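Contents: one structure, followed by commentary.
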Amino acid sequence: RLILWNHLSRNISSLQDIDQKNDLILFLETIHEATVVNYHVKKLVFHFSSMRHFAEELRKEGFQVLYIGIEQGERSLTSGLNQVLKTFSASKVIVTLPYDYRVLEELQKLEIPLEVREDDRFFSTRDQFADWAEGKKKLLMEHFYHAMRKETFLLMDESLQPVEGRWNFDKENRRPSKQENSYPVPLRFQPDTITKKVIEEVRKRFPQNFGDIEPFWFAVTEKDAEKAFDHFLKEALPFFGPYQDAMVQDEHFLYHSVLSHYLNAGLLHPKVVCQKVDQAYRQKKVPIQSAEGFIRQILGWREYVKGVYWLKMPSYRHLNYFGAHRKLPWFYWTAETEMNCMHQALLQTKQEAYSHHIQRLMVTGNFALLIGVLPEEICDWYLAVYVDAHDWVELPNTLGMSQFADGGFLATKPYASSGKYIHKMSNFCEGCVYDVRQNEGENACPFNYLYWDFLIRNREKLKHNQRLAMVYKTLDSFVDSKIKKIKFDSARFLQQLDQLPSDP
Ligand code: FAD
Ligand code: SF4
């Protein structure tokens, strides 16, 4: 029974029907998996420590557990597995669906029968999603979400209608944050002996990797992850909905849950989490905007991107609708940029291995889209730097939602915006050397001219998109000199960018 770093749940399908006497549970930390990209050191610590804690719990329960740690220098999953299989003359490997199509392919090359089990911690299976998608030209998340609400009865009334008569409360959920708001802090945990040891090992073995290793405060056990969830439910969820899209300088978490890495590793269970939120709403502890907003993220978005990933892989990874080819600017790794919104999002990423959705989508993702970064480069960056990033969830979010590299399969229009959006939703512009109100010249906010340049460059690919009709109408009203200035400012900015060192 092979346990990967997204399988840390006692009820995982690969451990169901386990025979305590004859079955061996195997954990493998391999050099290859740990170096696929330049992982944030906090992410490595989180995965290794939570795997080690889970292995300990299984041992205490009386199971036979073999744990091969990174210090043993095992190179890859296949070489490690083949070695173990020989030693134990095992007849078969049982595993739950991995976090990455690449890993699945690697396991399928094993010289021994492999049983890959569905991951039933999700609300839907790959087949159910494929059935729903069958024959549809566009797979709208909102439609999928309605189907899932009906199937699960979450936030539904007795007559199978959405509670309070609406599916979606997004309109109420776009408030910029007020300066005077005070924010709850996610529950923090002191590293125990196991985590301290992992921190030292990661420090020693991955000295060049991205990110700050300390302070390390994530939960690494199911028990603590549940405490973190209960804390969120009480302290932050009531305000989660209205301020979902807000950004505030030096406030890293606002009312977000900071639970995605627990959910993705298996320390928290999406079904339990959604049921508790539904219950809190019915007990009038949480308003509908927040309960619905939160459940939609998990029952809707999380479930939907997982469905898209397994439906569209392996070709999905290579899509590049705009033919973007720029290298990722070096400051994504150093945070050294004068654009304050970018600096704040990148610095926080380096410190926390976390940033919330709007920072990912409308700041770092938006910028990469506007300047035309090669999708593969920006996808690798997201996979590396966020503690919650696993290929199945990172790829559709980055390649599809944020970079529109699938040509609109996942998103109905590109999430491209000028500085206006960032100004409206944050206080970053107040501390920036650029002026968000200026559209032209060296002092103008780069997002302003890059936004129009993006639309000009990609006109042929976007002009028939109904959701961009108004935007292209506005662009068509610009006089020639204005268009020339947009192109000039963008070319100057991009030339300066390309001259920066690419490998700090
Ligand atoms: P909250 O804002 O509190 O949301 C609650 C939960 O909803 C999250 O914990 C998460 O499990 C789920 N959720 C919300 N949005 C999404 C979404 N779009 N897709 C999947 N689940 C969602 N999320 C990941 O879990 N892993 C990733 O690798 C990842 N990469 C992303 C890359 C880009 C470019 C973008 C735009 C988004 C990405 N997301 C990813 C989605 C989202 O940004 C994170 O789930 C969220 O920021 C995690 O923080 P949180 O737990 O505080 O979430
Ligand atoms: Fe970002 Fe532009 Fe605002 Fe500066 S002015 S913080 S670059 S949006």
Picking from LYS420, LYS413, LYS424, the residue that is surrounded by fewer than 24 Cβ atoms within 10 Å (Cβ to Cβ) and either in a loop (DSSP other than H, G, I, E, B) or touching a Phe, Trp or Tyr at 6+ places or on another chain (Cβ under 7 Å) (or both) would be LYS413
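Residue by residue, here is whether (1) away from ligand 2 (no atom under 16 Å from the Cβ); (2) more than 24 Å from the chain's Cα centre (by Cα) holds:
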residue: TRP381; (1), (2): yes, no
residue: THR398; (1), (2): yes, no
residue: ALA444; (1), (2): no, yes
residue: ARG457; (1), (2): yes, yes
Only one of (1) over 16 Å from VAL116 (Cβ atoms); (2) in a loop (DSSP other than H, G, I, E, B); (3) touching a residue at least 40 places away in the same chain (Cβ under 8 Å) does not apply to ASN22, and that is (3)
Note on segment 200-220: residues of a type outside the set (Gly, Ala, Ser) and surrounded by 20 or more Cβ atoms within 10 Å (Cβ to Cβ) are VAL202, PHE206, ASN209, PHE210, PHE216, PHE218, VAL220
Residue count, segment 257-297, condition within 21 Å of LYS171 (Cβ to Cβ), near ligand 1 (Cβ under 8 Å from one of its atoms) and either buried (at least 23 other Cβ atoms within 10 Å of the Cβ) or among the hydroxyl-bearing types (Ser, Thr, Tyr) (or both), comes to 1
When segment 427-442 is checked residue by residue, the ones that are more than 8 Å from ligand 2 (Cβ to nearest atom) and in a loop (DSSP other than H, G, I, E, B) are ASN427, ARG437, GLN438, ASN439, GLU440, GLY441, GLU442
Per the filter on segment 49-66, residues of a type in the set (Phe, Trp, Tyr) and under 28 Å from the mean Cα position of the chain (by Cα) are PHE54
By residue number, the members of segment 339-354 that are in contact (Cβ under 8 Å) with a residue 40 or more places away in the chain and surrounded by fewer than 23 Cβ atoms within 10 Å (Cβ to Cβ) are MET339, ASN340, GLN348, LYS350, GLN351, GLU352
Counted residues in segment 98-115 being surrounded by 13 or more Cβ atoms within 10 Å (Cβ to Cβ) and within 16 Å of GLU33 (Cβ to Cβ) come to 10
Within segment 366-410, the residues that are small (Gly, Ala, Ser) and not in a helix (DSSP H, G or I) are GLY372, ALA389, ALA405, GLY407, GLY408
Expected output for segment 236-255 (first residue more than 13 Å from PHE294 (Cβ to Cβ) and at pLDDT below 85, partner crowded, with 23+ Cβ neighbours inside 10 Å and of a type in the set (Ser, Thr, Tyr), Cβ below 9 Å, 6+ apart or cross-chain) is none
So, first residue at positive phi in segment 318-335, second residue in a loop (DSSP other than H, G, I, E, B), Cβ within less than 9 Å, six or more apart or across chains; the pairs are GLY323/GLY372
Here the qualifying pairs (Cβ atoms under 7 Å; residues six or more apart or on different chains; first in segment 142-155 and without any contact (Cβ under 8 Å) to a residue 60 or more places away in the chain; second among the aromatic types (Phe, Trp, Tyr)) come out as HIS146/TRP167; ALA147/TRP132
Subset of segment 115-144, residues of a type in the set (D, E, K, R) and part of a loop (DSSP other than H, G, I, E, B), comes to GLU118, ASP119, ASP120, ARG121, GLU134, LYS136, LYS137, LYS138
Selection over segment 475-502 where residues are under 32 Å from the mean Cα position of the chain (by Cα) and either acidic (Asp, Glu) or under 24 Å from LEU462 (Cβ atoms) (or both) yields a count of 6
Note: among ASN443, ASN439, ASN458, ASN465, just one is in contact with a strand residue (DSSP E or B) (Cβ under 6 Å, 6 or more places away or on another chain) and away from ligand 1 (no atom under 16 Å from the Cβ), namely ASN443
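The values are calculated or read from the model by the stated rules, or taken from the named source; none is laboratory data. Fair warning: this is a prediction, and the values are worked out from it, not measured in the lab. Cβ sites come from the backbone with ideal geometry, for glycine too, and all protein chains shown count toward neighbours.
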